[in-house]
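Laboratory data are not the source of any read-out in this text; all were calculated from the coordinates shown. If you're wondering where the values come from, they're calculated on a predicted model, not measured in any experiment. Cβ placement follows ideal geometry from the backbone for every residue including glycine, while neighbour counts extend to all protein chains displayed.
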Amino acid sequence: MTWGARILAAPVHLYRATFSPLVGFSCRYQPTCSAYALEALEMHGALRGGWLTFRRLLRCHPLGGHGWDPVPERRPR
């Protein structure tokens, strides 16, 4: 994972350790938004992984979708 991705992953780890146990399972998608964020940052790096995470968080609300929504595969160069 790049250093930028590690910086962006730090708040996700903090959320999982502190706030997530208090609110319980509430994500409408599988994998959960925090797992999606960590996987996107690992696979795509800070810029694209951060963008994918941002888009996912915008979709995760009561009127949004639900179900299986995996991180897209890396595009071939």
Positive dipole terminus of the chain, leading residue within M43, W68, A9 (C-beta point charges): M43
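Arranged by the count of other C-beta atoms within 10 angstrom, fewest first, what order do F54, F25 take?
Listing F54, F25 from fewest to most nearby Cβ atoms yields F25, F54.
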Exposure proxy order (Cβ contacts within 10 Å, fewest to most) of H13, H61: H61, H13
Radius ratio Rg over Rh of the chain, counting only Cα atoms, Kirkwood formula for Rh: 0.97
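Between H66 and M43, 0.36 nm times their residue separation minus their Cα-Cα distance comes to what?
Gain on extension, H66 to M43, equals 6.0 nm.
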Difference of contour (0.36 nm per residue) and Cα-Cα distance, Y15 to L58: 13.8 nm
Within a Gaussian network of the chain (alpha carbon springs, distance under 10 Å), most fluctuating of T53, T18, T32: T18
